[in-house]
Amino acid sequence: MSEVTAVPLRPVAKGTLTKIWLGVGIAVIVGVGVALAGTYKQVAMGQPPSVFLAKNAKKHGVVTTASGLEYEVLAPGQGNSPGPQDIVLIDYDGKLLDGTTFDSTAQHGQPAVMPVAGSIPGFSEGLQLMKRGARYRFWIPPQLGYGEQGAGDGVIPPNSVLQFDVSLREIAPQQPGYGQAGMGGVEGAPGGAGGQP
């Protein structure tokens with residue numbers, strides 16, 4: 001007959017079962033949160049621009065201009081605002097409503113130097129609201145962005161609301177012959193070969 005070796009079982013430490021269930025509960029909550037965040041992004045991209053912009057305009061701190069540009073002042077800056085003929089040194093991060101970054105100065109490794117009038121209408125309008133040292137968030141409706149055609153060979157889909165976080169570093173008067181309109185934009189987009197909105 002074979003012998004069975006008895007293995008002594010230690011009692012479960014006090015509170016261990018509670019810790020296990022607490023860990024399971026936290027894992028479930030984190031999973032649900034991640035799923036909801038992904039769903040929110042998909043819903044944001046799926047709704048018509050007018051619906052998103054109407055909801056966004058009601059948020060505290062969001063201002064809507066007569067053209068339909070929406071912006072929020074994240075840091076006010078000081079001094080004068082640039083005019084359409086000025087050149088600015090900026091940092092920016094451009095995203096779609098689902099959070100996808102389509103262009104940013106961080107991707108290029110340096111700030112962008114560009115004429116204020118050398119970008120899409122909503123971006124140009126937004127720059128003229130800022131002061132040196134300011135940081136703004138813009139929501140640019142399609143009619144002030146890339147419209148029905150989109151841009152960048154599908155990188156920016158047609159009728160997209162664009163979100164930009166922009167920091168204005170410096171303002172300089174435009175030099176004769178420098179920075180004509182059409183400089184910049186997403187590759188394949190109206191206005192340029194990449195690197196600037």
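Scanning the stretch 110-122 for residues that are more than 13 Å from D91 (Cα to Cα) and not in a loop (DSSP other than H, G, I, E, B) returns P115, V116, A117, G118, P121, G122. Would you confirm, using the coordinates I've provided, whether G154 is surrounded by 19 or more Cβ atoms within 10 Å (Cβ to Cβ) and assigned by TED's automatic domain parsing to the domain that holds A66? So G154 does not fit the description; no. Taking the numbered list (1) in contact (Cβ under 8 Å) with a residue 60 or more places away in the chain; (2) within 17 Å of D103 (Cβ to Cβ) in turn, A151 passes all entries but (1). Criterion applied to G145, G133, G126, G122 was being at pLDDT 95 or above and surrounded by fewer than 20 Cβ atoms within 10 Å (Cβ to Cβ), and the one residue passing it is G133.
For the stretch 153-176, which positions are more than 16 Å from D93 (Cα to Cα) and either part of a loop (DSSP other than H, G, I, E, B) or not aliphatic (A, V, I, L, M) (or both)? So that I can check it myself, show each step before the final result.
Initially, the stretch 153-176 is screened for residues more than 16 Å from D93 (Cα to Cα), giving 153-154, 157-159, 170-176.
Correct list: D153, G154, P157, P158, N159, E170, P173, Q174, Q175, P176.
The values are calculated or read from the model by the stated rules, or taken from the named source; none is laboratory data. Quick caveat, the model's predicted, so the values are computed rather than measured. For neighbour counting, all protein chains shown are included, and Cβ atoms are generated from backbone atoms with ideal geometry for every residue, glycine included.
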